[in-house]
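Have a look at this one.
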Amino acid sequence: MLQRIITYVTRRPKRVIALWIVGVIGLAMVGTTQSYRVTTDDMTEFLPEGSQSAVATRYAQEAFGQQKGTYTVTALVERADGGRLTHSDRAAVGAVSERLAAWKPDVSRLDVEGIAGDLDERAGRIVAASAGPVAPDARFQLVGLQWKANTTDPVAQQAFRQLRDRAADDARADGLRVGFTGGIASLADFQEATEGTRALSQALLFGSILLLSLLFFRGPLAAIVPVLTIALVAGGASGLVVLAALAFDFQLDTSTPQLIMVVLVGIGVDYFLFLLFRLRERLRAGEDRSTAAASAASSVGPVIAAAALAIVAAFATLALAEFGQFQVIGPAVAISVLVMLFAGVTLMPAIAAVTGRALFWPSRSWAVERSDGPAARLGRRIARRPGRAALAVTAALVMLATFALGTQMSYDSGDGGPSTPATRTGDRISAALSEGASDPQQVYVKSVSGALSLEQLRPLRQGLAAVGGVSAVGEPALTPDRHGARIEMALAEGPFTKGSMDLVRGPIRRVAREAAPEGATAMVGGTSAIFADVSDSVERDMRMIFPIAAGLILLILVFTLRSLVAPLYLLAAVALEFAATLGASVLVVQELGGQAGVAFTLPLVLFLFVVALGTDYNILMTARLREEMLAGKPVRRAVADAVRHVAPAVGAAGLVLASSFGTLMLESNESSREMGFAMAFGILLAALVVSSILVPALTALAGQRAWWPSRPGGEPDPVMPVSAESDARALELV
């Protein structure tokens with residue numbers, strides 16, 4: 001089947017290229033105009049339905065009219081001269097609160113060129129506003145706003161900026177000034193502050209790929225064509241993910257589109273480089289461009305297919321996850337990688353068939369293969385002393401892996417971001433009240449035996465106030481029928497800290513359960529409660545997904561290599577590679593960087609990417625090792641030749657992919673920087689160390705036993721140990 005596809009696309013390349021261009025442009029337009037409909041940063045969308053915080057959120061919507069998709073924005077109102085608030089000032093704050101509650105966005109003044117959808121709906125609205133606590137020194141008073149909108153939607157962010165400017169003008173007329181933090185206020189300020197960084201990151205992403213490809217092939221077309229092709233395919237794949245989300249009614253996390261783009265650019269260029277290195281070999285052998293493209297695609301097509309399916313299989317396991325964010329990432333990445341796989345066996349060979357030698361123009365050095373370059377010398381060293389090479393690499397990986405034992409999780413996705421008006425407002429609130437004052441937690445009480453009274457709720461309120469780490473507890477608010485109540489409380493620490501999550505998970509929920517009025521149940525909600533449940537869900541998912549993903553990848557390796565031995569040490573190598581990468585991340589982030597922990601999504605996403613992408617390079621290397629042995633070469637010479645041919649391709653692909661992930665380190669968001677470092681380090685480790693040194697060394701040690709129960713030559717060849725004298729003589733000829 002695969003061979004028939006390759007034959008067709010290399011015989012009719014222009015038709016294939018035209019169909020791809022039409023298809024991906026259409027899909028990219030869908031992704032650009034409709035992504036806001038399926039993107040959210042509301043973590044409650046991803047909670048397991050039975051978790052207490054999810055139950056509390058649903059009850060808040062039913063009993064207290066809290067609308068789905070509503071976020072808390074806190075306004076800090078103070079005197080313009082910085083003095084203490086007077087009685088008349090507090091009355092003016094009340095008037096500010098009323099004006100904010102009545103505010104409506106003016107969509108006619110929004111910059112919406114090229115933006116689709118109902119602008120009134122996308123801009124959002126304030127559904128409630130109320131005056132809150134006054135600072136102990138009476139320097140400011142808070143106003144709580146409930147804003148209903150998708151905070152990631154650029155239209156909603158523009159609408160907030162309208163509100164911010166209008167509120168500043170109104171407050172100035174009363175001798176006041178106002179600042180906002182939380183929800184859409186924080187995100188809108190963050191987008192403004194990082195606009196330049198994001199543009200630089202995108203420029204460096206493609207610029208680094210262009211530069212590296214130009215260095216590898218010395219031809220401008222070999223640098224430009226892959227980048228343009230992959231960018232086009234990645235845009236189409238992102239559009240297909242958006243279509244799938246619309247069709248199957250699921251939400252994407254805000255980080256998913258960016259993650260998809262980086263992943264697709266990285267692996268797409270990987271696949272193109274695999275093809276170009278093999279194409280160059282066939283052109284050197286004297287084949288015409290169509291035949292060379294078909295030969296190259298036939299050689300690397302199965303490798304690309306196996307590599308892509310390893311990623312798809314790894315991420316498909318996320319469909320079994322309990323945490324909804326993982327469930328979403330799984331199908332999104334799987335769909336995208338399948339699109340890139342299809343491009344790898346159709347579009348890329350078609351482009352190679354059209355361009356041929358022109359890809360490497362004006363360089364002439366590509367036509368002569370270097371027999372004594374760095375890769376050739378590396379291959380000879382590994383083949384001469386495979387045991388020493390394997391031991392040295394394994395010892396280094398184990399040393400790094402030991403740091404992974406100290407892994408701690410961080411759930412604050414905004415930690416380490418740039419200073420903005422929103423962050424400075426939040427810092428002032430934290431300094432005057434408490435870290436958790438701008439994001440209060442809630443305890444909801446639901447009665448099934450009759451109306452509630454304030455007297456019945458007093459023990460619960462007093463019990464919550466007595467919990468260490470709770471800085472303030474508000475008065476209970478009852479529903480109109482008095483069958484429900486809400487008690488808000490502020491925690492001493494910020495909502496994302498481990499201390500706050502442990503506090504909610506333990507003492508607060510215990511007090512709520514024990515002090516609830518008779519015939520009533522109490523539920524704890526709020527950010528800390530949500531992330532406490534998220535952390536529990538993530539831990540369960542990691543324990544389940546790790547072995548399942550590893551098992552699926554092992555099956556793909558067994559099927560691809562038709563062996564039971566090689567897949568075992570290949571999987572062990574990438575598992576050690578993952579542990580070493582996580583250990584290096586913990587060392588850099590926690591030990592050297594002073595952070596409380598690594599991003600909570602990093603271990604699982606890192607496991608899936610490093611294991612899957614590391615398997616890509618291992619498959620490419622072992623497929624060439626098998627091919628060299630199939631040619632009848634002794635083990636040592638086969639290892640040396642395989643490293644000479646494959647190490648440059650793997651190294652180039654690894655450097656390009658690492659550079660694409662490395663651009664994430666330019667982001668202002670701490671979790672993005674961590675992900676960028678971890679991915680870049682893991683890919684470099686996979687390409688330059690594990691696949692180029694450890695795997696050939698282990699294969700040299702195993703000899704033809706690596707392919708048991710099959711044999712590379714299809715005949716009962718004797719096992720050739722690496723110490724064989726004939727092998728040593730053969731190596732001298734390499």
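Spot the failing condition for residue 535; the list is (1) surrounded by 20 or more Cβ atoms within 10 Å (Cβ to Cβ); (2) within 13 Å of residue 51 (Cα to Cα); (3) under 27 Å from the mean Cα position of the chain (by Cα), and only one is missed.
The failed condition is (1).
For region 292-330, give me the residue count where each residue is of a type outside the set (A, V, I, L, M) and touching a strand residue (DSSP E or B) at 6+ places or on another chain (Cβ under 7 Å).
1
Out of (1) more than 15 Å from residue 51 (Cα to Cα); (2) of a type outside the set (D, E, K, R); (3) touching an Asp or Glu at 6+ places or on another chain (Cβ under 9 Å), what's the single condition that is false for residue 528?
Failing condition for residue 528: (1).
Here is a follow-up. Please go through region 276-309 and give me each residue that is of a type in the set (Gly, Ala, Ser), under 20 Å from residue 348 (Cα atoms) and either open to solvent by 10 Å² or more (accessible area, probe 1.4 Å) or in contact with a Ser or Thr (Cβ under 6 Å, 6 or more places away or on another chain) (or both), ordered by number.
Residues satisfying the conditions are 290, 293, 294, 295, 298, 299, 305, 306.
Look at residue 585 and say whether it is out of contact with any helix residue (DSSP H, G or I) (no Cβ under 7 Å at 6 or more places or on another chain), among the hydroxyl-bearing types (Ser, Thr, Tyr), open to solvent by less than 20 Å² (accessible area, probe 1.4 Å) and part of a helix (DSSP H, G or I).
So residue 585 fails the test.
Out of the residues in region 511-532 that are part of a helix (DSSP H, G or I), touching a helix residue (DSSP H, G or I) at 6+ places or on another chain (Cβ under 9 Å) and not aliphatic (A, V, I, L, M), which is surrounded by the fewest Cβ atoms within 10 Å (Cβ to Cβ)?
Applying the filter and picking the extreme gives 514.
Now a separate question. Looking at (1) in a helix (DSSP H, G or I); (2) modelled with pLDDT of 70 or more, find the lone condition where residue 202 falls short.
(2)
Still on this structure: Before we move on, is residue 491 in contact (Cβ under 8 Å) with a residue 24 or more places away in the chain, touching a Pro at 6+ places or on another chain (Cβ under 9 Å) and within 25 Å of residue 131 (Cα to Cα)?
yes
Does residue 572 fit the bill of being at pLDDT 85 or above, assigned to a helix (DSSP H, G or I), under 19 Å from residue 547 (Cα atoms) and not aromatic (Phe, Trp, Tyr)?
When the stated conditions are applied, residue 572 passes them.
Just to be sure, is residue 137 in a loop (DSSP other than H, G, I, E, B), of a type outside the set (Ser, Thr, Tyr) and either under 23 Å from residue 82 (Cα atoms) or open to solvent by less than 30 Å² (accessible area, probe 1.4 Å) (or both)?
yes
Taking region 53-98 as the search range and keeping residues that are open to solvent by 20 Å² or more (accessible area, probe 1.4 Å), in a strand (DSSP E or B) and touching a helix residue (DSSP H, G or I) at 6+ places or on another chain (Cβ under 8 Å), which one is modelled with the lowest pLDDT?
By that ranking, first place goes to 71.
Please verify whether residue 145 is outside any helix (DSSP H, G or I), open to solvent by less than 30 Å² (accessible area, probe 1.4 Å) and touching a residue at least 60 places away in the same chain (Cβ under 8 Å), treating the condition exactly as stated.
Criteria met by residue 145.
Right, another one. Kindly list the number of the only condition in (1) closer than 30 Å to residue 648 by Cβ; (2) modelled with pLDDT under 75 that fails for residue 220.
(2)
Would you check if residue 467 is hydrophobic (A, V, I, L, M, F, W, C), touching a residue at least 24 places away in the same chain (Cβ under 8 Å) and open to solvent by 70 Å² or more (accessible area, probe 1.4 Å)?
no
Right, next: Can you tell me which of (1) touching a helix residue (DSSP H, G or I) at 6+ places or on another chain (Cβ under 7 Å); (2) of a type outside the set (Val, Ile, Thr); (3) within 21 Å of residue 441 (Cα to Cα) is the one residue 148 doesn't meet?
(1)
Evaluate the following for residue 501: is it of a type outside the set (Gly, Ala, Ser), open to solvent by less than 20 Å² (accessible area, probe 1.4 Å) and farther than 15 Å from residue 460 by Cα?
yes
In region 1-24, how many are open to solvent by less than 100 Å² (accessible area, probe 1.4 Å) and either under 33 Å from the mean Cα position of the chain (by Cα) or more than 13 Å from residue 290 (Cβ to Cβ) (or both)?
11
Out of all the residues in region 117-129, is one or more basic (Lys, Arg), part of a helix (DSSP H, G or I) and surrounded by 16 or more Cβ atoms within 10 Å (Cβ to Cβ)?
Yes, region 117-129 has at least one match.
The values are calculated or read from the model by the stated rules, or taken from the named source; none is laboratory data. Here the structure is a predicted model, which is why all the values come from computation and not from measurement. Note: ideal-geometry Cβ built from the backbone for every residue, glycine included; neighbour counts use all protein chains shown. The protein model used for the area step is the full one, side chains on, heavy atoms only, and it has no ligands, DNA or RNA in it. Shrake-Rupley method; radii C 1.70, N 1.55, O 1.52, S 1.80 Å.
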